[in-house]
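Where a number appears in this text, it was derived from the coordinates with a stated rule and is not lab data. Here the structure is a predicted model, which means the values were calculated and not measured. We place every Cβ from the backbone using ideal geometry, glycine too, and count neighbours over all the protein chains shown.
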Amino acid sequence: MTGNRITHRTADGVRIPGTWRHAFIRNGGHYFLTDLFIYADGLVDCWGLVTLEEFEEKLRTGWVATSFPEGGEASAHDLADWKFNEPESWITPELLVAEVRDSIDQLNGRPDSTGRCLAAVDTFLADRTETNRAAARAAFLAVPESQRRYALGDMDRKDWPLRVLVAGPGGRTYLPSDRAVTQKDYDNALAYFEERARWLTERATSVPADGPATPHAPALQLYHSYPSKPVADPGKTALRHDYPAPITVADTDYPSAAHAYWALSAAEPETRHAIAAAKNGAAARALATRAPRREGWEDARTAVMTHLLRAKYDQHPDLAEILLATHDATLIYDDANSAFWGDNAGRGRNWAGRLLELVRSELRMRQAGILDT
């Protein structure tokens, strides 16, 4: 199960999504607690990238260990050393391979063993023949035993309704401790799945109370530009902070939001004047870089930029229309000089883009008459 354990590797410039899980590697008779990295292309990193077939061989030879000897020496690198005392393992080589296969399916957006099981159950519920029940039972038993309790996503019932449904009246589940399935048990399981189907249908058709979780408009890249003067139809270039759209903030005029930002960052008043008079945003940045910074600037800079962007789009309604025309698109702002402000091919924090989205939302709020005073 991938859950929130998401990672990736890069191969030939392509990002390969992956996940990870804890495991022990036995090297030279010593057991090392480490992580297996599982990737969407089917490779597994167990102290070296191997194919799934090679991974199974690593399990067979004990390189990836699932059982441990009494008194065996183990360690977690740079953390601790210990010896096993009455060791007990909850996983077998077969279970681990099955879980890895499921992870690869999940990373590729394919139905994993649980998904295939639930599809077979749906087929049986639609046509309750013994042939379909047998297929559902086989699909259920193909789910790694360690994952069956999670198949329904119900931590109160766990997999009880599935166990009973695929066993049928008078049948036995895979758990030796379970009694033979009674007709009442079976009827309750059927009722559970009927209620589950109703709930899933309602959830699939429900509309989120406050709108979609993801944008409907495609993302927009705000590439570097070096505007020297305003133009009649600037397009997305106008959304760059250094676009020459003069603003007035605290009774001071600045040629652009970038000029204002860099001027306000400087500790000395004379330096602020020089930055405000710089020929363009790049020159303003260069002057600010060489000057002492205001105390506490790092903690205040996002609020300062938000204030400046509000001023820019309040004072230039034509530019506000350009920003509003991006609808709800994610705004990806390039800034080779700053991993804080720029997205920079996914390596930066994109605060410039995020604050533009915030100001856009505020403009939309005002346009809709929400919170008018």
- Gyration tensor on Cα atoms of region 1-50, a ≥ b ≥ c root eigenvalues, a/c under 1.5 rounded, else prolate if a/b beats b/c, else oblate, says oblate
- 26, 157 arranged by Cβ crowding within 10 Å, fewest neighbours leading: 157, 26
- Message: Tell me which chymotrypsin sites (Phe, Trp or Tyr not before Pro) from region 207-300 have a DSSP coil assignment and no more than 16 other beta carbons within 10 Å of their own.
- Response: 223
- Note on the structure: For the pair residue 273 and residue 145, the simple spin-label estimate (label points 7 Å beyond Cα toward Cβ) gives in nm 8.2
- Taking the Cα centre of the chain as the origin and placing charges on Cβ (Lys, Arg +1; Asp, Glu -1), which of 61, 136, 90 is farthest toward the positive end of the dipole? 136
- Message: For residue 279, give me every one of the lysines with a C-alpha distance below 29 angstrom, ignoring sequence neighbours fewer than eight places off in its own chain.
- Response: 229, 236, 312
- Note on the structure: Dividing the mean separation of Cα pairs under 8 Å (6+ apart) by the residue count of the chain yields a relative contact order in percent of 8
- Note on the structure: The FRET efficiency for residue 252 and residue 199, from their Cβ-Cβ distance with R0 = 56 Å and rounded to 0.05, is 0.40
- Take the alpha carbon atoms of region 5-84, find their center, do the same for region 102-161, and report the distance between the two centers in whole angstrom. 27
- Query: How far, in degrees from 0 to 90, does helix 297-315 lean away from the longest principal axis of the Cα atoms of the chain, to the nearest 10?
  - Reply: 70
- Query: If one computes P(r) from the Cα atoms of region 220-367, what percent of pairs lie at distances over 27 Å?
  - Reply: 15
- Query: With the Cα gyration tensor of region 113-203 giving a ≥ b ≥ c as the square roots of its eigenvalues, does the rule (a/c under 1.5 for rounded; else a/b larger than b/c for prolate; else oblate) give rounded, prolate or oblate?
  - Reply: rounded
- Between residue 27 and residue 7, what is the FRET efficiency for a Förster distance of 25 Å, r being their Cβ-Cβ separation, to the nearest 0.05? 0.65
- Option label - mean projected area of the Cα convex hull in nm² computed here, alternatives (i) 21.4; (ii) 25.4; (iii) 28.6: (iii)
- Rounded to the nearest 20 debye, dipole of region 147-272 from Cβ charges on Lys, Arg, Asp, Glu: 860
- Query: Any idea what the dipole of region 6-107 comes to, in debye rounded to 20, about its Cα centre with Lys/Arg Cβ at +1 and Asp/Glu Cβ at -1?
  - Reply: 180
- Note on the structure: Scoring region 207-274 by relative contact order with C-alpha pairs under 8 Å, at least six apart, yields a percentage of 18
- Message: If each residue of separation counts as 0.36 nm, what is the full-extension length gain between residue 41 and residue 191 once their alpha-carbon separation is subtracted?
- Response: 50.0 nm
- What dipole magnitude, in Debye to the nearest 20, does the chain give about its Cα centre under +1 on Lys/Arg Cβ and -1 on Asp/Glu Cβ? 460
- Pop a pseudo-label 7 angstrom from the Cα along the beta-carbon direction at both residue 91 and residue 325 and give the gap in nm to one decimal. 5.4
- Inter-label distance for residue 303 and residue 345, nm, one decimal - labels placed 7 Å from Cα along Cα-to-Cβ: 3.6
- Under 1.5 on a/c is rounded, so check that first for region 6-107, then, if it is not, pick prolate when a/b is larger than b/c and oblate when it is not; a ≥ b ≥ c are the square roots of the alpha carbon gyration tensor eigenvalues. prolate
- Tell me, 241, 216 in order of fewest to most beta-carbon neighbours within 10 Å? 216, 241
- For the Cα atoms of the chain, what angle does the longest principal axis make with the long axis of helix 93-107, in degrees from 0 to 90, nearest 10? 40
- Hey, what did region 220-367 get for relative contact order, percent, Cα under 8 Å, at least 6 apart? 20
- Could you give the longest part of the chain that holds none of the GluC sites (Glu not before Pro) found in DSSP loops with at most 16 neighbouring Cβ atoms within 10 Å? 89-294
